[in-house]
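A.B. asks: Dumping the structure here so I can ask a few things about it.
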Amino acid sequence: MVNRKELDPERSASAAFGALLRSLRDERGWTQDELATRMGCSGAHISAVETGRRSPTGPFAAKADRALGSGERLHRQSLAIRHTALLEGFPEYITHEERAAEIRLYEVGVIPGILQTPEYASALTARAVERGAITPEQGEERISLVSERQAALIRTPPPLVFVVLDESCLRRPVGDPATMDVQLKRLVEFASLPNTVLQVAPFDMGDRRPLSLPLYILTMQNRSLVSYAESAQRGRLERDSTSVVPLLTAYHQLQAEALSQAASVVMIEQLRKGTP
């Protein structure tokens, strides 16, 4: 083909998306105009996305997946572009989380995103921007992602959600006292829902704690398992059951040693009242 631009998928996330889009289109023998007709856009738009001159939006990626019959390959690739502040593996984890039948979370030091109030999320992000850990644009991505994840959980039937919070999540101040009070109230409200369980892993668990780093485990509709674990600098998504099952066992051991939901709510209410 004359003047066909060579693509370098290693150059950026946008370039990788463009290369994947072209590859899928070529597999079907379609021109850019033919794909554009099926998607309801212009051939020039397809060209701009393929060559990286225009970033794909979420709706564009979803339409392209439907037109090309590519499942969610383009959708997953687009997350790498739109959520550049996230650790490796987490964008793909989110695509599974929004379809999971059961969600199990263990978090240390910070309230997990699906439970954060807007004020808490904004305060947490503002400090990260001030430290230079992320850019203001990445901060906006994080706040938007919190809202998107929470909205995705409001579905019928709702997923079962099990959350174990290290006590540090409750005691670490984020924002002003009013922000923390509203956030702690949100946890109590979450615990009262019929499809949720909230537990606190207190400091005095000591060496009985089987997990020390954040862990996310999903049970999908077909009962397959997905896990996501992260350290300070990297994350890892795992779909191999032989690797996920030991993590699920550790999570169940953590739940057994943690406070009951009733005792956890009492601790949260005591913190709201300012009692130790």
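Each value in this text was obtained by applying a stated rule to the coordinates, not by laboratory testing. All of these numbers come straight from a predicted model, not from anything done at the bench. Ideal geometry is used to build each Cβ from the backbone, glycine not excepted, and the neighbour counts take in all protein chains shown.
A.B. asks: What residue among Thr31, Thr135, Thr219 shows peak mean-square fluctuation when the chain is described by a Gaussian network model with Cα springs under 10 Å?
C.D. replies: Looking only at Thr31, Thr135, Thr219, the largest GNM fluctuation is found for Thr31.
A.B. asks: Moving on. Just to be sure I understand the model, the point goes 7 Å from the Cα along the line to the Cβ. What's the resulting Thr31 to Asp8 distance in nm?
C.D. replies: My value for the distance between the label points is 3.0 nm.
A.B. asks: If each residue of separation counts as 0.36 nm, what is the full-extension length gain between Leu153 and Ala263 once their alpha-carbon separation is subtracted?
C.D. replies: On the way: separation 110, 0.36 × 110 = 39.60 nm, distance 2.57 nm.
Result for the pair: 37.0 nm of gain on full extension.
A.B. asks: What spacing in nm lies between the two simple spin-label points modelled at Arg127 and Glu189, each 7 Å away from Cα in the Cβ direction?
C.D. replies: That separation, rounded to one decimal, is 2.3 nm.
A.B. asks: Considering the options Pro158, Val49, Ser243, tell which one lies farthest towards the positive end of the dipole of the chain, charges being +1 on Lys and Arg and -1 on Asp and Glu at the Cβ, about the Cα centre.
C.D. replies: Among Pro158, Val49, Ser243, the one farthest towards the positive end of the dipole of the chain is Val49.
A.B. asks: Only Cα pairs within less than 10 Å get springs; with that Gaussian network setup on the chain, which residue of Gly109, Gly43, Gly52 has the largest fluctuation?
C.D. replies: Of Gly109, Gly43, Gly52, the most mobile in the Gaussian network model is Gly43.
A.B. asks: Still on this model: Roughly what angle does helix 177-191 make with the longest principal axis of the chain, taking Cα atoms, 0 to 90 degrees, to the nearest 10?
C.D. replies: Approximately 90 degrees, to the nearest 10.
A.B. asks: Further question: Any idea what the relative contact order of segment 13-82 is, in percent, if you count C-alpha pairs under 8 Å spaced at least 6 apart? If you can, show how the numbers build up before the last one.
C.D. replies: On the way: 78 pairs, mean separation 26.5, N = 70.
So the answer I get is 38 percent.
A.B. asks: Continuing with the same structure: Apply the Kirkwood formula to the chain: the hydrodynamic radius equals the inverse of the mean of 1/r over all pairs of different alpha-carbon atoms; give it in Å with one decimal.
C.D. replies: When all Cα pairs of the chain are included, the Kirkwood radius is 20.7 Å.
A.B. asks: May I ask what percent, to the nearest 5, of DSSP beta bridges between residues of the chain are antiparallel?
C.D. replies: Antiparallel bridges make up about 55 percent of those DSSP assigns within the chain.
A.B. asks: Measure out, as a whole number of angstrom, how far apart the alpha-carbon centroids of segment 129-163 and segment 195-225 sit.
C.D. replies: Centre-to-centre distance over Cα atoms comes out at 19 Å.
A.B. asks: Further question: How long is segment 13-82 along each principal axis, judged by its Cα atoms, biggest number first, in Å?
C.D. replies: 26, 24, 19
A.B. asks: Mind pulling the angle between the C-alpha long axis of helix 136-152 and the longest principal axis of the chain? Nearest 10 degrees, somewhere in 0 to 90.
C.D. replies: On a 0 to 90 degree scale, this one is about 80.
A.B. asks: Now for a different question. When each pair of different Cα atoms in segment 117-246 is counted once in the 1/r mean, what is the Kirkwood radius in angstroms, to one decimal?
C.D. replies: On the way: mean 1/r = 0.0588 Å⁻¹.
With all distinct Cα pairs of segment 117-246 included, I get 17.0 Å.
A.B. asks: Quick one: dipole size for segment 133-249, taken about the Cα centre, charges +1 on Lys/Arg Cβ and -1 on Asp/Glu Cβ, in debye to the nearest 20.
C.D. replies: Once rounded to the nearest 20, the dipole reads 320 debye.
A.B. asks: What does the charge dipole of the chain about its Cα centre add up to, to the nearest 20 debye, if the Cβ of each Lys and Arg holds +1 and the Cβ of each Asp and Glu holds -1? It would help to have the intermediate numbers written out before the result.
C.D. replies: Details: 33 positive and 34 negative charges, 93 e Å.
Dipole magnitude for the chain comes out near 440 debye.
A.B. asks: In whole Hz, what ³J(HN,Hα) sequence does segment 164-175 give by Karplus (6.51, -1.76, 1.60; θ = phi - 60°), x for Gly and Pro?
C.D. replies: With the stated coefficients, segment 164-175 comes to 10, 10, 4, 4, 4, 4, 7, 8, 7, x, 10, x Hz.
A.B. asks: GNM, the chain, Cα, under 10 Å: largest mean-square fluctuation among Pro214, Pro173, Pro159?
C.D. replies: Pro173
A.B. asks: Further question: Could you give the size of the charge dipole of segment 13-82 about its Cα centre, using +1 on the Cβ of each K and R and -1 on the Cβ of each D and E, expressed in debye and rounded to the nearest 20?
C.D. replies: Charge dipole, segment 13-82, about its Cα centre: 200 debye, nearest 20.
A.B. asks: Please give the FRET efficiency for Ala250 paired with Cys41, using the beta carbon to beta carbon distance and R0 = 51 Å, rounded to the nearest 0.05.
C.D. replies: Calculated transfer efficiency: 0.60.
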